[in-house]
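A short write-up of the structure that comes next.
The values are calculated or read from the model by the stated rules, or taken from the named source; none is laboratory data. Only a predicted model underlies this, so the values are computations on that prediction, with no experimental measurement involved. So basically every Cβ, Gly included, is an ideal-geometry build from the backbone, and we count neighbours across all protein chains shown. The area values use the complete protein model at the heavy-atom level, side chains included, leaving out ligands, DNA and RNA. Shrake-Rupley method; radii C 1.70, N 1.55, O 1.52, S 1.80 Å.
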Amino acid sequence: MLQLKLEVLTAVAAWAISSACANVPISHDWTRGLCPRGNDMKELAVKLSPTAKVYFPGSDEFELASTRWSVLDAPKVNIVVVPGTENDVVEIVKFANTKELPFLAYNGAHGAITTLGKMNHGIEIYLHQLSSVEIAKDGKTATIGGGTKSKAVTDKLWAAGKQTVTGTCECVSFMGPALGGGHGWLQGHHGLVADQFVSMNIVLADGTLKVLDEKSDLWWAINGAGHNFGIVTSVTTKIYDIEHRDWAIETITFAGDKVEAVYQAANDHLLKNGSQPAGVINWSYWMNNPDADPNNPVILFYIIQEGVKSVDPVYTKPFHDIGPLSVEPRGGTYTDLAAWTGIALSSPPCQKAGLVNPRFPNYLESYNIPAQKKAYDIFANAIRGPSAFNHSIFMFEGYSMQGVKEIDSQSSAFAFRDENILSAPLITYAPSGPELDEKAARLGNELRRILHDASGRLEIRSYVNYAYGNETPRQWYGTERWRQARLRALKQKYDPKGRFSFFAPVA
Ligand SMILES: Cc1cc2nc3c(=O)[nH]c(=O)nc-3n(C[C@H](O)[C@H](O)[C@H](O)COP(=O)(O)OP(=O)(O)OC[C@H]3O[C@@H](n4cnc5c(N)ncnc54)[C@H](O)[C@@H]3O)c2cc1C
């Protein structure tokens, strides 16, 4: 069987080498290493499990596995290796190190930070076969494969009467958000996605597989700066009995001239100086919706509540009183939330449509009303009518924060536990060269600067998983000197050669 697999692989390698070399920029390392010699693939293949796969450029499988959500400064890979077991990741990393080839974990491929573009050749380690959710007998933890999607986790747990904090979007992986902390619907009760972790299997830069738990010095860094330290092949995480099956939402749509009133109401009746109840979430999007308003972007305001069949009027009435264009109440269960908020598997944000999708994140404590108005006016002008940016969205995510704030801020590399709102313009457009890229970056940075200047903070506080790529490590991982020093020391200890430095490098 193994012999057969090797023959297939060797044949495929020989067939594909010319296209691999022709299509991708080739570094000196690459040309003297893997590319010209099919024997290299044989050398790797004998070490992999029978379920591992290798895809070459030119094949549909390669295309599917390497297509990304945002095409701006996307990493370039020459080959895709799909581990079938956790040990396969060990072998791939060791092989890459021997051949001096860069490598990068691909999971949901929604990472959009421009630092990824520094990978101009190398091996994609596509994790999607490491997809599994095993619930422990005591019902208190689950072990999740490193390539499992959030939806698979939610669905498996839900069927067993359980749940845990995951990212909200169905197409994003479980681990991708978690490595930067991870925001989700249930964080008001339990904290971030990574706050739930009990232990994990991780392949370090030197190719060793380690079991980490809170006793490891690396544990602190994995929660917030995890992309920098290894490939997580599986993680054991806390799970909880479902407390509330019912969830409800009101989608309230406003014309743009209500922007000041809407965000004043959000400050006064939802955020309330950071005391938004654990089971209440507010999200809003500014976006074009010509049916609702042909001239200006609308404000789509979501108020979400757990444990009810319709959202309590105490939260919604102040918004009804402003005079919305429409109000749409819905009731259902936790598993409906992604579809209601437009981030289900079939929703537009989950599609890989060849678009450029940079975001410019900025955490806020509360809404500054004049700044919201100023940002709205600039955003509306920039995305109106036939603008190349007319599918852009300005996102304001007001998750409940109690569970996040209850955890000691010093206990993990996630540095922004005091914040209440995650704001980010998402400037979406079809690729059209550097001029348009620069225009989009100018717009996104300007919008972020307006909100930041009004916040009174010295530094932008940027959620690393939404980051554009022009931020500094202080802006991703916190300004405190001790945080930066601790991250640099751990990097030096665990990844001195900087193998994991494509996604928001700590130094
Ligand atoms: C539509 C959409 C919805 C989103 N919703 C949320 C949300 O609700 N909450 C939230 O917090 N964030 C959310 N995000 C942001 C999300 O956290 C990041 O985009 C994240 O990087 C996506 O992970 P991925 O696995 O899909 O992407 P990938 O590009 O595959 O992964 C991103 C990076 O993570 C690293 N990585 C991935 N898996 C592993 C692993 N197993 N071990 C080690 N490294 C790994 C790699 O460095 C990789 O470059 C959303 C993004 C999008 C586009």
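Test K352 against the stated conditions and say whether it is of a type outside the set (G, A, S), open to solvent by 30 Å² or more (accessible area, probe 1.4 Å) and part of a loop (DSSP other than H, G, I, E, B).
Values: of a type outside the set (G, A, S): yes; open to solvent by 30 Å² or more (accessible area, probe 1.4 Å): yes; part of a loop (DSSP other than H, G, I, E, B): yes.
Taking the combined requirement at face value, the residue satisfies it.
Looking at the stretch 101-160, which of its residues are more than 21 Å from the chain's Cα centre (by Cα), aliphatic (A, V, I, L, M) and open to solvent by 10 Å² or more (accessible area, probe 1.4 Å)?
The answer is I135, A136, A159, A160.
If I ask for residues that are touching a residue at least 60 places away in the same chain (Cβ under 8 Å), in a loop (DSSP other than H, G, I, E, B) and among the hydrophobic types (A, V, I, L, M, F, W, C), which ones from the stretch 480-507 would you list?
Matches in the stretch 480-507: F500, F502, F503, A504, V506.
Is it the case that the stretch 456-472 has a residue that's assigned to a helix (DSSP H, G or I) and of a type outside the set (F, W, Y)?
First pass over the stretch 456-472, keeping only residues assigned to a helix (DSSP H, G or I): 464-466.
Retained after the next criterion (residues that are of a type outside the set (F, W, Y)): 464-465.
The answer is yes, given that some residue of the stretch 456-472 is assigned to a helix (DSSP H, G or I) and of a type outside the set (F, W, Y).
Would it be correct to say that F416 is under 24 Å from G117 (Cα atoms) and within 16 Å of the ligand (Cβ to nearest atom)?
Details: under 24 Å from G117 (Cα atoms): no; within 16 Å of the ligand (Cβ to nearest atom): yes.
So F416 does not fit the description; no.
Which numbered condition in (1) in a helix (DSSP H, G or I); (2) in contact (Cβ under 8 Å) with a residue 24 or more places away in the chain; (3) open to solvent by 30 Å² or more (accessible area, probe 1.4 Å) is the only one that S366 fails?
Result: S366 fails condition (1) only.
Filtering the stretch 456-478 down to residues that are touching a residue at least 60 places away in the same chain (Cβ under 8 Å) and of a type in the set (V, I, T), which residue is farthest from V71 (Cα to Cα)?
The selected residue is I460.
Kindly indicate which of A96, A74, A45 is in contact with a Gly (Cβ under 8 Å, 6 or more places away or on another chain) and more than 13 Å from the ligand (Cβ to nearest atom). Walk me through it before giving the result.
Working: A74 fails: more than 13 Å from the ligand (Cβ to nearest atom); A45 fails: in contact with a Gly (Cβ under 8 Å, 6 or more places away or on another chain).
From the options A96, A74, A45, the qualifying one is A96.
So K373 passes all but one of these: (1) under 19 Å from A278 (Cα atoms); (2) more than 25 Å from the chain's Cα centre (by Cα). Which condition number does it fail?
Result: K373 passes all but (1).
If I filter the stretch 207-224 down to residues being open to solvent by less than 10 Å² (accessible area, probe 1.4 Å) and either assigned to a loop (DSSP other than H, G, I, E, B) or within 11 Å of the ligand (Cβ to nearest atom) (or both), which single residue comes out as nearest to P496 (Cα to Cα)?
The extreme case among them is G207.
State all residues of the stretch 48-71 that are more than 13 Å from the ligand (Cβ to nearest atom) and either closer than 28 Å to P434 by Cα or open to solvent by 50 Å² or more (accessible area, probe 1.4 Å) (or both); if no residue qualifies, say none.
The initial filter retains those residues of the stretch 48-71 that are more than 13 Å from the ligand (Cβ to nearest atom), namely 48-64.
P50, T51, K53, P57, G58, D60, E61, F62, E63, L64, listed by residue number.
State all residues of the stretch 169-195 that are open to solvent by less than 10 Å² (accessible area, probe 1.4 Å), within 17 Å of the chain's Cα centre (by Cα) and either among the polar types (S, T, N, Q) or more than 10 Å from the ligand (Cβ to nearest atom) (or both); if no residue qualifies, say none.
S173, L186, Q187, G191
In the stretch 419-455, what count of residues is obtained for those that are open to solvent by 70 Å² or more (accessible area, probe 1.4 Å) and without any contact (Cβ under 8 Å) to a residue 60 or more places away in the chain?
Of the residues in the stretch 419-455, 7 are open to solvent by 70 Å² or more (accessible area, probe 1.4 Å) and without any contact (Cβ under 8 Å) to a residue 60 or more places away in the chain.
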